[in-house]
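The values are calculated or read from the model by the stated rules, or taken from the named source; none is laboratory data. All of these numbers come straight from a predicted model, not from anything done at the bench. Note: ideal-geometry Cβ built from the backbone for every residue, glycine included; neighbour counts use all protein chains shown. Each accessible area value is taken on the protein alone, full model and side chains, heavy atoms only, with ligands, DNA and RNA left out. Shrake-Rupley method; radii C 1.70, N 1.55, O 1.52, S 1.80 Å.
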Amino acid sequence: MIEMERARGNENVRRMVWGALLSGLATVLMYVDTAVPIFPSFLKMDLSDVPALIGAFAWGPGNGVAIEAVKNLLHCAASSSAGVGEMANFVMGSALVLPAGLIYRANKTKTGALIGMAAGVATMTATAAILNGTVLIPLYSKFVPIDTLISMAGAAIPAIEDVPSLVIYGIVPFNLLKGTIVSISTFWLYKRISPLLGN
């Protein structure tokens, strides 16, 4: 009984330490973002969801969401959008890691991981489309006029002429691409580091 409690305590410590490390790594990766030439310059690509997705696979979706929350809270210190960008990043990241983590927890196989990540990418993309069209773009327009946003987006993708076309031709394909890159990176990394995570 004592040995079981000790083992459980060691596992909790390991989980806390790795959770902190993954949160720190996610925060650093959030600062290392880059524009993708085929998309509007205000859509930035980063890999900060990879540590959160690894956490979701290792210890369940709640841990993935917690990593998303910590990285965005820490990043708020350098926010240029009064937290709007961080709020968007948290919601989109959670929409990715929650379904992926739930499906993988129920089926801890390579197939389960692939299905989970595909579901996560689809959920993140749908969430991005709905929230950007109804909430986030109007909030961003308090910092950058909506006409300026549309003009910037149209310079990259001529088909963009208004908010709906920005969502269809900019937001949706960008999130599909980002989610796919994050998923491929996680898939490649997870099995290589899972022994270190205790999995």
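Of everything in region 30-69 that's in a helix (DSSP H, G or I), aliphatic (A, V, I, L, M) and at pLDDT below 95, which residue is farthest from G93 (Cα to Cα)?
A58
Filter region 100-132 for residues that are assigned to a helix (DSSP H, G or I), open to solvent by 40 Å² or more (accessible area, probe 1.4 Å) and more than 22 Å from F174 (Cα to Cα) and give the result.
L102, I103, R105, A106, K110, T111
Where the second residue is assigned to a helix (DSSP H, G or I) and of a type in the set (A, V, I, L, M) and the first is more than 15 Å from F143 (Cα to Cα) and open to solvent by 20 Å² or more (accessible area, probe 1.4 Å) and lies in region 68-87, which pairs have Cβ atoms under 6 Å and are six or more apart or on separate chains?
Pairs found: H75/M30.
On the basis of being assigned to a loop (DSSP other than H, G, I, E, B) and over 20 Å from G64 (Cα atoms), does V144 make the cut?
Yes; evaluated as a whole, the condition is true for this residue.
Exactly one condition in (1) farther than 26 Å from G64 by Cα; (2) open to solvent by 30 Å² or more (accessible area, probe 1.4 Å); (3) not acidic (D, E) is false for V135; which is it?
(1) is the only condition that V135 fails.
Looking at I160, I171, I146, which one is more than 18 Å from the chain's Cα centre (by Cα), surrounded by 16 or more Cβ atoms within 10 Å (Cβ to Cβ) and either of a type outside the set (A, V, I, L, M) or closer than 21 Å to A35 by Cβ (or both)?
From the options I160, I171, I146, the qualifying one is I160.
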